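Worksheet for the structure shown next.
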Amino acid sequence: MKTLFIKLTLFVSLILLALNPKPTKEFQGKAVYISKSKMQLGSWGARLSEAQKKQIAARLKNRLEKTYILTFNQEESMFLEKEKIDAISGATDSWGGYFSRGDQYKNIKEAKLIQAQEFYGKRFLVKDDLYKIQWVMGTDTKKIGNYTAYRAMASVPKDELEWYNFSWSDLRRNTKKGENAEKEEVPMIEVEAWYTPEIPLATGPGEYWGLPGLILEVSAGNTTLLCTEIEISKDKKIEIKAPRKGEEITKANYTKTVRERMANMRNVRMGRRRGR
């Protein structure tokens, strides 16, 4: 009888354990990322001397090299640029600021994005779905800091990665499309990411997410983001608050608004030149 009682007690305990599993460790903390972009001068740059290229690189350093902070918990993250002062002019880069990434909030559980953007004095609050990247998992590994990272690749539409940015070439491309917009091939960017399952969070810097571990390094186009420091918090849960100020708009409509404004500015300048 005593043996039967012990077996029944053990059986009940196993059932209760299955119904109320021990919660997994919650990872939360901060990660520092260094962003480096290669300078692209196109055909115009071919006419410059090496000395001139170095001068331009020095002037553009605060655009080509940036520092970001990713604050994260199990479901949410905030990705903010650490402000940098231009080493030469002693001032912030106001023109580049119009097309840089704003404060970005991601909720990977709900697959939602909220990003604060400012364009010529007007604040926008971009709200949209997170683009679901179709990752191809690899077996290659390497060490990034103290973590073992695994490689993954993806091909992502350029507009999904650079929707907040602006380039005259994109404006010309969209102007030429006209009625053939549906036939235009969408430019794609090849992405290489390195993630670590040792921090089992499906998030990462910028638009990158959806891997079974925190993304520590990602290369896309001419830009590489590399994690240089990670601080895991063991204290109470980190609360992350999404941006709230600004006119609500989608990614596509924000891109359209910026391009229309820049096209108008170009037309006004061209009109002034013709009027001289």
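Brief remarks follow.
- For the stretch 119-125, the Karplus equation 6.51 cos²θ - 1.76 cosθ + 1.60, evaluated at θ = phi - 60°, returns couplings of 9, 6, x, 9, 8, 10, 10 Hz by residue, with Gly and Pro reported as x.
- Pairs over the 27 Å Cα-Cα cut-off, from the set Lys38/Lys237; Lys82/Lys106; Lys30/Lys132: Lys38/Lys237.
- If the segment from Gln134 to Ile34 were pulled out straight at 0.36 nm per residue, it would be longer than the present Cα-Cα gap by 33.5 nm.
- Amide H contacts of Phe119 (H built 1.01 Å from N, in plane; Pro and chain starts excluded): Phe124 sit under 5 Å, all sequence-distant by 5 or more or on other chains.
- Modelled spin labels at Glu160 and Ile240, positioned 7 Å past Cα toward Cβ, are 1.9 nm from each other.
- FRET efficiency estimate (nearest 0.05) - Cβ-Cβ, Val186 to Asn253, R0 22 angstrom: 0.80
Bear in mind that the values in this text are calculations on the coordinates, not laboratory data. Bear in mind that the values here come from a model prediction, so they are computed numbers and not experimental data. Methodologically, a virtual Cβ is constructed for each residue, glycine included, from the backbone with ideal geometry; neighbour enumeration extends over all protein chains shown.
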